[in-house]
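K.L.:
Please find one structure pasted underneath; my questions will follow.
The values are calculated or read from the model by the stated rules, or taken from the named source; none is laboratory data. Since the structure is predicted, the reported quantities are computational estimates derived from the model, not experimental observations. Using ideal geometry, Cβ is built from the backbone for each residue, glycine included, and neighbour counts are taken over all protein chains shown. Remember, those area values only see protein heavy atoms, side chains included, never the ligands or the DNA or RNA. Shrake-Rupley method; radii C 1.70, N 1.55, O 1.52, S 1.80 Å.
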Amino acid sequence: LFPVAVRGSEGLYMVNGPPSFTESTAFQRDSGKNCKAVGFSKDGSLFAWCNGEKVNIVNITRAELLHSFDLPKTVCLEFSPKNNVLATWQAYATAKDGTAGVPNLQLHDLRTGKCLKSLIQKKMQNWCPCWADDESICARNVNNEVHFFENNNFNTIANKLHLQKVSDFVLSPGAQPTKVAVYVPGSKGAPSFVRLYQYPNFRGPQSALANKSFFKADKVTMLWNKKATAVLVVASTEVDKTGASYYGEQTLHYVAASGESAVVQLPKNGPIYDVAWSPNSVEFCAVYGFMPAKATVFNLKCDPVFDFGTGPRNAAYYSPHGHILVLAGFGNLRGQMEVWDVKNYKLISKPVASDSTYFAWCPDGEHIVTATCAPRLRVGNGYKIWHYTGSVLHSHEVPADEEMWQVFWQPFLDGVFPERAVKYQAVPSELPSAEPRPAQAYRPPALRNKPVTSSKLHEDEPPQNMKPHPGGGDKPLSKTALKNQRKHEAKKAAKQEAKADANQGPAQARTPQNALQDAVPATTTGDPEVDKKIKNLRKKLKAIEQLKEQAAAGKQLEKNQVEKIQKEAALLKELEDLELGV
């Protein structure tokens, strides 16, 4: 039934997922308005929450309370991967006389209910220790060192990774051996770098599996793929010194555990909004570039595999099985989603989830939840459960005087739900379609009774398959080769145009879009002044045609050339009026 946990001013409760959507009896609603921290275990069997009085842990499958800890100020909590330990964090406070405060990070043994260790952890950022999936190793960052504990023995530091100033680290997922990605920020002209190690080989400069250094990084995000063969690093600066972007500057780097590394070449300038690994670990999707943003899937050679063109989007979400990809525009965008079948690169649906602040795939790979939560948005709080084909199956809006703070699915381990064949037909739903009415563009009074001429600020690029053709060899063309190929194609097109003009004769200069012109190649109106105007208009239209061909062949047009193309419709109308003698 894949329950959904909901936390808000109405308390904490669970709702059964499709198809019933009734309140779950496995969890008794906590109606307190002071619930700050909640969390499921990785396999979804345990659930913990702090209601402002105690931290409670229940077994969801058996609907029984396991433990209750007297930690009323807990604001963060997390289970270890195998459910052996619960970590809780309270805000750190120094004593009134200025001496060190009491330990605020507690690690509890979930079998006995005893506290294994209490530690001081001043910052909320990266507060939680990181475990390997089998819990053989646990690591935390202490004073720019990474301390490793083994088999949940927190009284002995089994290993240390000491670099000049480790500011962040990420453990690899999956089976042993565990790998560690560490980030050291640059200082005094030295570059920042990310290094990959295999636990416990930290000794000497040659022990690193891979190293990638770069300038322009105030912070980084490191993403391991599921198979732990590579890390994607998004390096960001707070300020873009060129002034081109409010979001600072970002670059995307690929670092493989085998030692290879590369900068991922993104064909459009602008921010990198999101990067996501496919669960198959051999592809990743990046959403980037000034709006309308581009989205591209790359392989492990960092070559583009499929380009989704441009659109209003800033996020990418792969389904748990990796067979479906959702590109979405949330936050300051309208909530448009594009649901793609990744195996065939076909568009399945284009639902719209307006004002959404949250999106998550259900572990079954079939359903999606979108939500509008406070404090990001204080009004219209609620959530919707969708089928990926675009149907809204359930919608809940909280009363106007209440708020909803968090919604999330109960997790399940990989492999619990089998991958199902992709559907294209929208699944039936009792709720009406969530398609919003398209807003009409404002038209000044003088133009209201005249025909609508479409004018766009920019043309959206269509999706295109970037895989090389079978006949053209496996290797995609380099940038220079592509440039030369485009030049060659543009020259060829220009030659053919010249030939066609010579064959038709000067009186028959053609504009394919203008059928009327084709029917009457050389009209004479009897008025030399009008004839002269018609000749000039045809000359301009021919020039526009040539520009369009150059653009199609990949040539970058100047601003004035683009403006010329935009005037085509008006010129055609003027020519038609002159030829009809209007």
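K.L.:
I need the full set of residues from region 364-412 which are open to solvent by 10 Å² or more (accessible area, probe 1.4 Å), of a type in the set (S, T, N, Q) and touching a residue at least 60 places away in the same chain (Cβ under 8 Å), in order please.
P.N.:
Within region 364-412, Q406, Q410 meet the criteria.
Conditions tested, residue by residue: (1) surrounded by 11 or more Cβ atoms within 10 Å (Cβ to Cβ); (2) on the phi > 0 side of the Ramachandran plot; (3) at pLDDT 85 or above; (4) of a type in the set (S, T, N, Q).
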{"site": "R538", "(1), (2), (3), (4)": "yes, no, yes, no"}
{"site": "L541", "(1), (2), (3), (4)": "yes, no, yes, no"}
{"site": "L547", "(1), (2), (3), (4)": "yes, no, yes, no"}
{"site": "A553", "(1), (2), (3), (4)": "yes, no, no, no"}
{"site": "Q561", "(1), (2), (3), (4)": "yes, no, no, yes"}
{"site": "Q566", "(1), (2), (3), (4)": "yes, no, yes, yes"}
{"site": "A569", "(1), (2), (3), (4)": "yes, no, yes, no"}
{"site": "K573", "(1), (2), (3), (4)": "yes, no, no, no"}
{"site": "D577", "(1), (2), (3), (4)": "no, no, no, no"}
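K.L.:
Whether any residue in region 236-243 is in a loop (DSSP other than H, G, I, E, B) and among the aliphatic types (A, V, I, L, M) is what I want to check.
P.N.:
The first filter runs over region 236-243 and keeps only residues in a loop (DSSP other than H, G, I, E, B), leaving 237-243.
If we keep only those that are among the aliphatic types (A, V, I, L, M) as well, we get 239.
Yes.
K.L.:
Still on this structure: If Y424 meets every condition in (1) over 22 Å from G39 (Cα atoms); (2) at pLDDT 85 or above apart from one, which number is that one?
P.N.:
Looking at each condition in turn, Y424 falls short on (2).
K.L.:
Give region 181-211 a look and list any residue that's open to solvent by 30 Å² or more (accessible area, probe 1.4 Å) and assigned to a strand (DSSP E or B), or say none.
P.N.:
Result: R195, Q198, N211.
K.L.:
So is G270 at pLDDT below 90 and open to solvent by less than 10 Å² (accessible area, probe 1.4 Å) or not? Step through it out loud before you land on a result.
P.N.:
Working: at pLDDT below 90: yes; open to solvent by less than 10 Å² (accessible area, probe 1.4 Å): no.
Taking the combined requirement at face value, the residue does not satisfy it.
K.L.:
Looking at region 82-98, which of the residues that are under 18 Å from C50 (Cα atoms) and in contact (Cβ under 8 Å) with a residue 24 or more places away in the chain is surrounded by the fewest Cβ atoms within 10 Å (Cβ to Cβ)?
P.N.:
Taking region 82-98 first, the residues under 18 Å from C50 (Cα atoms) are 83, 85-92.
From the residues that got through so far, the ones that are in contact (Cβ under 8 Å) with a residue 24 or more places away in the chain too are 83, 85-89, 91-92.
Working: N83: 17, V85: 22, L86: 25, A87: 24, T88: 25, W89: 22, A91: 12, Y92: 17.
Step by step, filter region 82-98, then rank; the result is A91.
K.L.:
Go through region 99-135 residue by residue and tally those that are assigned to a loop (DSSP other than H, G, I, E, B), surrounded by 15 or more Cβ atoms within 10 Å (Cβ to Cβ) and in contact (Cβ under 8 Å) with a residue 40 or more places away in the chain.
P.N.:
Adding up the residues that qualify gives 7.
K.L.:
Among the strands (runs of 3 or more DSSP E) contained in region 19-68, which hold 3 or more residues that are of a type in the set (A, V, I, L, M, F, W, C), in contact with a strand residue (DSSP E or B) (Cβ under 7 Å, 6 or more places away or on another chain) and without any contact (Cβ under 8 Å) to a residue 60 or more places away in the chain? Before the answer, list the steps.
P.N.:
Values: elements: 37-40, 46-50, 55-59.
Counting at least 3 such residues, we get 46-50, 55-59.
K.L.:
Among the residues of region 179-199 satisfying the criterion of being among the basic types (K, R) and within 14 Å of A210 (Cα to Cα), which is modelled with the lowest pLDDT? Walk me through how you get there before you give the answer.
P.N.:
Restricting attention to region 179-199, the residues satisfying the condition of being among the basic types (K, R) are 179, 188, 195.
Subset that is within 14 Å of A210 (Cα to Cα): 179, 195.
Numbers: K179: 91, R195: 88.
The qualifying residue modelled with the lowest pLDDT is R195.
K.L.:
If you check F290, F306, which single one turns out to be part of a strand (DSSP E or B) and either surrounded by fewer than 21 Cβ atoms within 10 Å (Cβ to Cβ) or modelled with pLDDT of 90 or more (or both)?
P.N.:
Values: F290 fails: part of a strand (DSSP E or B).
When all the criteria are applied, what remains is F306.
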